[in-house]
1. Only one residue in VAL69, VAL43 is of a type in the set (A, V, I, L, M, F, W, C) and in contact (Cβ under 8 Å) with a residue 40 or more places away in the chain, so which one is that?
2. Taking only the stretch 64-73 into account, find how many residues are in contact with a Ser or Thr (Cβ under 8 Å, 6 or more places away or on another chain) and either closer than 19 Å to PRO23 by Cα or surrounded by 14 or more Cβ atoms within 10 Å (Cβ to Cβ) (or both).
3. Taking the stretch 1-40 as the search range and keeping residues that are of a type in the set (Val, Ile, Thr) and in contact (Cβ under 8 Å) with a residue 40 or more places away in the chain, which one is surrounded by the most Cβ atoms within 10 Å (Cβ to Cβ)?
4. Can you name the residue in the stretch 1-49 that is within 17 Å of ILE77 (Cα to Cα) and at pLDDT below 95 and, of all such residues, is nearest to the chain's Cα centre (by Cα)?
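The values are calculated or read from the model by the stated rules, or taken from the named source; none is laboratory data. In this text the structure is predicted, and so the values were computed from the model without any measurement. All Cβ positions, even for glycine, are placed from backbone atoms using ideal geometry, and neighbour counts span all protein chains on display.
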Amino acid sequence: MPEHQIQSPLPGTFYRKPSPDQPEYKAVGDTVDAGEVIGLIEVMKSFHEIHADAAGIISEFLIENEEPVQAGQPVAILST
């Protein structure tokens, strides 16, 4: 299966949950549609959604929850 990388649009801190007491947006093995939210990037107390830009199955997250990320850095890999 071909793979596709979802990249961070901004530098900041990556979050896989909308808040600490809620479940993750997506987990490894989940199916995603193009445009679906897979996580958040926090920059200076402002949160920005990361959207899948292709449909597929999440095969791996390359950044752990609450880790720093750079703009353009791959966050997750989709099997398309």
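1. On the way: VAL43 fails: in contact (Cβ under 8 Å) with a residue 40 or more places away in the chain.
Of VAL69, VAL43, the one residue that is of a type in the set (A, V, I, L, M, F, W, C) and in contact (Cβ under 8 Å) with a residue 40 or more places away in the chain is VAL69.
2. The qualifying residues number 4.
3. Applying the filter and picking the extreme gives ILE6.
4. Ranking the candidates gives PRO9 first.
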